[in-house]
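Okay, structure first, notes after.
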Amino acid sequence: MVHFTAEEKATITGLWAKVNVEEAGGEALGRLLIVYPWTQRFFDSFGNLYSESAIMGNPKVKAHGRKVLNSFGDAIKHMDDLKGTFADLSELHCDKLHVDPENFRLLGNVLVVVLARRFGGEFTPELQASFQKVVTGVANALAHRYH
Ligand code: HEM
């Protein structure tokens with residue numbers, strides 16, 4: 001299990017309060033679909049994903065990205081119980097959608113890239129390390145049903 005110190009929790013929560021969930025969520029999901037195109041097959045119902053600009057401008061990508069990022073927000077509120085927090089979503093992604101858990105890691109890493117891009121120098125190596133723990137914890141919790 002991933003463990004967070006009080007200091008890590010404080011820096012993570014502090015940065016997260018400044019994240020524009022709508023924009024960063026759309027960017028993260030859009031980048032996932034572009035950089036790892038096999039992830040597109042889960043999103044047939046999203047319509048036009050034919051080019052980079054179509055993906056980044058697709059309102060369904062934006063809306064779903066926001067949902068996903070709100071879910072990361074929940075993780076940040078419950079860092080000591082990621083497994084419990086993601087129990088239902090693990091069932092959805094593993095038992096119903098059959099998403100390969102490697103993709104959870106990829107999305108987490110894309111989110112780290114998005115934060116680095118948006119916060120620049122403020123996203124110090126230390127903050128990166130803390131966030132990397134969050135995204136790893138979320139990926140493990142989501143994959144829990146496979147274990
Ligand atoms: C790693 C972090 C991820 C989080 C926190 C997350 C979170 C969520 C949430 C909150 C929902 C909405 C559930 C609902 O409406 O009840 C959802 C749905 C879904 N997720 Fe994820 N997800 C993640 C990764 C992924 C990945 C990597 C894929 C596929 C490559 C994926 C595919 C889907 C699909 C297909 C749906 C249903 C979409 C729909 O038709 O509405 N998710 N996810």
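Using a Gaussian network for the chain with springs between C-alpha atoms less than 10 Å apart, which of these wobbles most: Thr39, Thr136, Thr124?
Judging by the Gaussian network model, the answer is Thr124.
About the Cα centre, and with charges only on the beta carbon of Lys, Arg (+1) and Asp, Glu (-1), how big is the dipole of segment 100-144? Nearest 20 debye, please.
80
Residues with beta-carbon under 10 Å from that of Phe86, excluding Phe86: net charge, scoring Lys, Arg +1 and Asp, Glu -1?
Within the 10 Å Cβ shell, the charges total -2.
Of Asn103, Thr136, Phe4, which is farthest along the charge dipole of the chain in the positive direction, counting Lys and Arg as +1 and Asp and Glu as -1 at C-beta?
Projecting each Cα onto the dipole axis, the largest value belongs to Asn103.
Explain nothing, just the number: dipole magnitude of the chain about its Cα centre with +1 on each Lys and Arg Cβ and -1 on each Asp and Glu Cβ, in debye rounded to the nearest 20.
240
Running Debye on the chain with equal point scatterers at the Cα sites and no solvent, what base-10 log of I(q)/I(0) appears at q = 0.14 Å⁻¹?
Relative scattering, expressed as log10 I(q)/I(0), comes to -0.65.
Using a Gaussian network model of the chain whose springs link C-alpha atoms within less than 10 Å, name the residue from Ala17, Ala116, Ala63 with the highest mean-square fluctuation.
Most flexible of the set in this elastic network: Ala17.
Using a Gaussian network for the chain with springs between C-alpha atoms less than 10 Å apart, which of these wobbles most: Gly73, Gly120, Gly25?
Gly120
If I stretch the segment between Leu92 and Glu122 completely, what's the gain in nm (0.36 nm per residue apart, minus their alpha carbon distance), one decimal? Numbers along the way, then the final one.
Values: separation 30, 0.36 × 30 = 10.80 nm, distance 3.50 nm.
Gain on stretching Leu92 to Glu122: 7.3 nm.
Just so you know, all these numbers are worked out from the coordinates, no wet-lab data involved. Bear in mind the structure is a predicted one, so any value in this text is a computation, not a measurement. Positions of Cβ are generated from backbone atoms using ideal geometry, with glycine treated the same way; all protein chains shown enter the neighbour counts.
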